[in-house]
Protein chains: 2
Amino acid sequence: MPNASIAAAAARESLAQTIIDMERTALDRWGRGDPSGFLEISSPDVVYFDPFLERRLNGLAELRRLYTELRGKIHVDRFDMLEPKVQSTETMAVLTFNLASYERDAVRRWNCTEVYRLQKHDGWRIIQTHWSLTKPALRQE
Amino acid sequence: MPNASIAAAAARESLAQTIIDMERTALDRWGRGDPSGFLEISSPDVVYFDPFLERRLNGLAELRRLYTELRGKIHVDRFDMLEPKVQSTETMAVLTFNLASYERDAVRRWNCTEVYRLQKHDGWRIIQTHWSLTKPALRQE
């Protein structure tokens, strides 16, 4: 590889680690009942999906309202982030992973897509979050 | 707004329309049983989630294998793409929407996140797809 390509690959690798670390830090706080880890790194224009909502949430105010109701109500013993992958340009980074979330005797499995954008003044911020259940057991209708 | 900002806003608006049109075109082919519309605009490094998979798919070959099994088996009468939103930089665009999919007498509701990246030679290509069911009815366990 020419030197410029090596440098670019190293920069991408370093960015991937930064993004994964940000996500893990927010997840650890989440597991202790504190949703602020995610709120603090989400952009004002963040959009959000999870399996308990009728529609996409639009903007940080809507996300804050949802998370305020959950504060202190969540307890996760341990997360396994499986095969995190980051696809990036200079100003956007897409993090995808499967997650095993261990809550007392139960384990929940998730699919997750986070999109981070580099903000002029604030560094990397989440602009899109999509949580869904991995292969959910559906009720017959 | 200064002229440069007006021009940038117009460019973003035009890009949003391009991305939404690409998605609608692929969805229309999907609804007629033809998954190639999505395969043709997906990048070799595409990653993919849907609610029927145990884990994320990695790369176009894995996605093609999945879609090959579905060819000709899907029939959707009509899609309603609800509130499509595009968040973009110059080289990446995140499209999110809710979807109502009308199949004979049933309607299925979806959450969707597509990430498009501008490729040097091929134009805009999907690098991440996440489909999940909107508020799925879960079986009691």
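The values are calculated or read from the model by the stated rules, or taken from the named source; none is laboratory data. In this text, all values refer to a predicted model and were calculated from it rather than measured experimentally. Reconstructed Cβ throughout: ideal geometry from the backbone, glycine too, with neighbour counts over all protein chains shown. Protein only, heavy atoms only, side chains kept; ligands, DNA and RNA dropped before computing areas. Shrake-Rupley method; radii C 1.70, N 1.55, O 1.52, S 1.80 Å.
Site pair B:D105 and A:R24 shows an inter-label distance of 5.2 nm when each label is modelled 7 Å from Cα along Cα→Cβ. How big is D, in µm² s⁻¹, for region B:1-46 by Stokes-Einstein at 4 °C and 1.567 mPa s if Rh is the Kirkwood radius over C-alpha pairs? Diffusion coefficient, whole number: 105 µm²/s. Distance from the C-alpha centroid of region A:1-42 to that of region B:11-59: 26 Å, rounded to the whole angstrom. Annotation: per residue accessible area for chain A equals 53 Å², rounded to a whole number [probe 1.4 Å, protein chains only].
Axis angle, to the nearest 10 degrees, between helix A:60-70 and the longest C-alpha principal axis of chain A: 50 degrees. Here the protein assembly as shown is treated as a sphere whose radius is the Kirkwood value from Cα pairs; by Stokes-Einstein at 25 °C and 0.890 mPa s it diffuses with a coefficient of 124 µm²/s. Across peptide A:101-108, the average count of Cβ atoms from other chains found within 10 Å of a residue's Cβ is 0. In chain B, Cα pairs under 8 Å separated by at least six residues give a relative contact order of 21 percent.
Among B:A11, B:A93, B:A106, the largest mean-square fluctuation in a Gaussian network model of chain B (Cα springs under 10 Å) belongs to B:A106.
Only protein atoms count toward the accessible area here, which uses a 1.4 Å probe; on region B:19-78, the carbon and sulfur part of that area reaches 52 percent. Between chain A and chain B, roughly 3500 Å² of accessible surface gets buried, counting both sides and using a 1.4 Å probe. The gain in end-to-end length when the B:E69 to B:K135 segment is fully stretched comes to 21.1 nm, 0.36 nm per residue minus the alpha carbon separation. Of the trypsin sites (Lys or Arg not before Pro) found in region B:35-141, those in coil by DSSP whose Cβ has at most 10 other Cβ atoms within 10 Å are B:K73, B:R104, B:K120, B:R139. Other protein chain C-beta atoms within 10 Å of residue C-beta, averaged over A:88-100: 4. Taking a ≥ b ≥ c as the square roots of the eigenvalues of the alpha carbon gyration tensor, region B:22-99 is oblate, as a/c is not under 1.5 and a/b does not beat b/c. For A:L138, nonlocal amide neighbours, meaning residues 5 or more places apart or on other chains whose placed amide H falls under 5 Å from its own, are B:R139. Compared with the dominant principal axis of the Cα atoms in chain B, helix B:3-31 is inclined by about 20°.
Applying the Kirkwood pairwise sum to the alpha-carbon positions of chain B produces a hydrodynamic radius of 16.2 angstrom. Within a straight-line Cα-Cα reach of under 15 Å, B:K85 can be paired with the following aspartates and glutamates, leaving aside sequence neighbours fewer than 8 residues apart in one chain: A:D45, B:E13, B:D21, B:E23, B:E114.
Mean partner shielding of peptide B:78-86, defined as the number of other chain Cβ atoms within 10 Å of each residue Cβ, is 1.
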